[in-house]
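> Here it is, the structure, as structure tokens.
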Amino acid sequence: QPTAPPAETPQAPAEKASYDTVFPLPDNVQNFMSEGGENMVNFQTSLTLNEIMEFYRKALTAKGLTERALLTVTSDTTFSMVFDGWPNGQALVIQGVDLGASRNVNIRLEDV
């Protein structure tokens, strides 16, 4: 009598996808690109520009980083934010662009 193949364990829908990056990511991430670790990250999300900015303000402040408000720039279709306090001494730069159906987000470490 043939044995049934082992049933695949379904993943819980609430389980967040795992991305190879040290940077915090919102729940809604598509088209993730990075070489891992502290390398630059690029992705799209359905969050609004304001929601993305709010997410990073909360997530990075909780990690002890400080927004350099003088360098925060926003428009109807873009934003750029800089946070100080990353362990390697570089500034964390986050930029977003409204693509219409989604928003593109780029995160990288820079000497600012």
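> From (1) among the polar types (S, T, N, Q); (2) under 19 Å from Val73 (Cβ atoms); (3) not in a helix (DSSP H, G or I), pick out the condition that doesn't hold for Asn31.
Evaluating Asn31 over (1) among the polar types (S, T, N, Q); (2) under 19 Å from Val73 (Cβ atoms); (3) not in a helix (DSSP H, G or I) leaves (2) as the failure.
> Please tell me if Gly36 is on the phi > 0 side of the Ramachandran plot, open to solvent by 30 Å² or more (accessible area, probe 1.4 Å) and not in a strand (DSSP E or B). Lay out the reasoning, then the answer.
Values: on the phi > 0 side of the Ramachandran plot: yes; open to solvent by 30 Å² or more (accessible area, probe 1.4 Å): no; not in a strand (DSSP E or B): yes.
So Gly36 does not fit the description; no.
> While we're here: Can you pull out every residue in segment 44-100 that is hydrophobic (A, V, I, L, M, F, W, C) and in contact (Cβ under 8 Å) with a residue 60 or more places away in the chain?
Here is the first cut: in segment 44-100, the residues hydrophobic (A, V, I, L, M, F, W, C) are 47, 49, 52-53, 55, 59-60, 62, 65, 69-71, 73, 79, 81-83, 86, 91-94, 97, 99.
Leu92 - this is the single residue of segment 44-100 that is hydrophobic (A, V, I, L, M, F, W, C) and in contact (Cβ under 8 Å) with a residue 60 or more places away in the chain.
> Given (1) surrounded by 13 or more Cβ atoms within 10 Å (Cβ to Cβ); (2) within 24 Å of Tyr19 (Cβ to Cβ); (3) touching a Ser or Thr at 6+ places or on another chain (Cβ under 9 Å), where does Leu109 come up short, assuming only one miss?
(3)
> Go through segment 83-97 and give me each residue that's farther than 12 Å from Met53 by Cβ, open to solvent by less than 20 Å² (accessible area, probe 1.4 Å) and within 14 Å of the chain's Cα centre (by Cα).
Result: Leu92, Val93.
The values are calculated or read from the model by the stated rules, or taken from the named source; none is laboratory data. Source: prediction; values computed, not measured. Here the Cβ is made from the backbone with ideal geometry for all residues, glycine too, and neighbour counts use every protein chain on show. We work out accessible area using only protein heavy atoms, side chains counted, and drop any ligands, DNA or RNA first. Shrake-Rupley method; radii C 1.70, N 1.55, O 1.52, S 1.80 Å.
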